Amino acid sequence: MAPVRPEPRPVPRPEPTHPPVDKRKLTKAVKRYLAKRPGRTSITVEDLHSKRVFRFESTQILPTASVAKVDILMALLLKERWAELPRSVRRDATIMIRYSDNKAADRLWERIGREGGLTSANRTFKLKRTTAVPGTCVDLYCWGITRTTTDDQVRLLRYLPKLKDGAVVRRLMRQVVQEQKWGVSAGACAGERVALKNGWLKHVANDLWAITSVGLIADRYAVAVLTEDNATSEAGIAKVEGLVKRALAGFRSCPE
């Protein structure tokens, strides 16, 4: 009888490798881009698969504007399950994210317990330098001037898979109305899904704009950009989009 040959062992496939981000080169490119675009600006990008990270001025503390609405919704869902919320509250959450409705945000701000509720939730989310402003809101003049960093905003996005109803947050961020899909989306390749929330706030004191954008590209790249002191909202949006494009190009190339 012929000897029985052992089955050949399958050769394990090597894990995919990701080239490191050339942080020095990328920082130079960002500085060149911002040289003629004044105002405080910060960005953090993290590849959630490979843990590669790029940061520029990421510890600057700047206003959230309406990106705080993601934090408000996550704080709400930390305490209450989506399916158990009253229909009116689910509607407020939907229009707060999709349409950036300020009145809906005011009502949910009250529901989570104002700044105390947000601060408590942010401890769970491991945010380190995000500070809510106390008071009863008149439109966005409390939650909208929450101070934060891009590092904290990426930590918040990174927490979404741990949140029981985190999929609801991502779904609503993917369904933002067309005219508000600027910002983080500028860094996406063709066909990639983007979940985002943008913010815009004109300071009464100096008529300058805070323009902000946070989101997920392809459920892989967590991106946060905060800017302040923009002469116009259009200039701020253009700056955010140019910055996102340059930063994402340091992580990968889009297929032609």
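The values are calculated or read from the model by the stated rules, or taken from the named source; none is laboratory data. The model shown is predicted, which means the values in this text are computed figures rather than measured ones. Heads up, the Cβs are rebuilt from the backbone with ideal geometry, glycines too, and the neighbour counts pull from every protein chain shown.
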Wholly within segment 41-114, which helices (runs of 4 or more DSSP H) include no fewer than the required count, namely at least 2 residues that are within 18 Å of the chain's Cα centre (by Cα)? 68-79, 87-98
Within the set of pairs 6 or more residues apart or between chains, which connect a residue that is farther than 7 Å from Leu77 by Cβ inside segment 159-173 to a residue that is of a type in the set (Asp, Glu) with Cβ atoms less than 8 Å apart? Arg170/Asp219
Restricting attention to segment 190-209, report how many residues are over 28 Å from Pro38 (Cα atoms) and free of Cβ contacts under 8 Å to residues at least 12 places away in the same chain. 1
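If you check Lys197, Lys103, which single one turns out to be over 22 Å from Phe251 (Cα atoms), of a type in the set (Lys, Arg) and out of contact with any Asp or Glu (no Cβ under 7 Å at 6 or more places or on another chain)?
Exactly one residue qualifies, and that residue is Lys103.
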Positions within segment 27-44 being over 21 Å from Val184 (Cβ atoms) and either surrounded by 20 or more Cβ atoms within 10 Å (Cβ to Cβ) or of a type in the set (A, V, I, L, M) (or both), in sequence order: Ala35
Would you mind telling me which numbered condition in (1) more than 18 Å from Val223 (Cα to Cα); (2) basic (Lys, Arg); (3) out of contact with any Lys or Arg (no Cβ under 9 Å at 6 or more places or on another chain) Arg40 fails? (1)
What are the pairs, 6+ residues apart or on separate chains, where a residue within segment 117-137 that is among the acidic types (Asp, Glu) has its Cβ under 9 Å from a residue that is assigned to a loop (DSSP other than H, G, I, E, B) and surrounded by fewer than 17 Cβ atoms within 10 Å (Cβ to Cβ)? none
Residue by residue through segment 220-244, note down the ones that are of a type in the set (Asp, Glu) and in contact (Cβ under 8 Å) with a residue 60 or more places away in the chain. Glu228, Asp229
Going through segment 18-51 in order, the residues found to be out of contact with any helix residue (DSSP H, G or I) (no Cβ under 8 Å at 6 or more places or on another chain) and small (Gly, Ala, Ser) are Ala35, Ser50
Kindly check whether there is at least one residue in segment 104-123 that is under 19 Å from Val223 (Cβ atoms), buried (at least 22 other Cβ atoms within 10 Å of the Cβ) and of a type outside the set (Val, Ile, Thr). no
Given segment 140-256, what helices (runs of 4 or more DSSP H) lie entirely inside it while holding 1 or more residues that are acidic (Asp, Glu)? 150-159, 233-249
Which condition number in (1) within 14 Å of the chain's Cα centre (by Cα); (2) surrounded by fewer than 22 Cβ atoms within 10 Å (Cβ to Cβ); (3) under 25 Å from Leu243 (Cβ atoms) is the one that Gly166 fails? (3)
Being at pLDDT 95 or above, buried (at least 18 other Cβ atoms within 10 Å of the Cβ) and under 30 Å from Val21 (Cα atoms) narrows Leu73, Leu62, Leu77 down to just Leu62
Which is at pLDDT below 95, more than 20 Å from Lys103 (Cβ to Cβ) and either of a type outside the set (Asp, Glu) or in contact with a helix residue (DSSP H, G or I) (Cβ under 9 Å, 6 or more places away or on another chain) (or both), of Ala205, Ala186, Ala195, Ala167? Ala205
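Can you spot a residue in segment 110-118 that is of a type outside the set (Val, Ile, Thr) and closer than 17 Å to Ala210 by Cα?
Looking through segment 110-118, none of the residues is of a type outside the set (Val, Ile, Thr) and closer than 17 Å to Ala210 by Cα.
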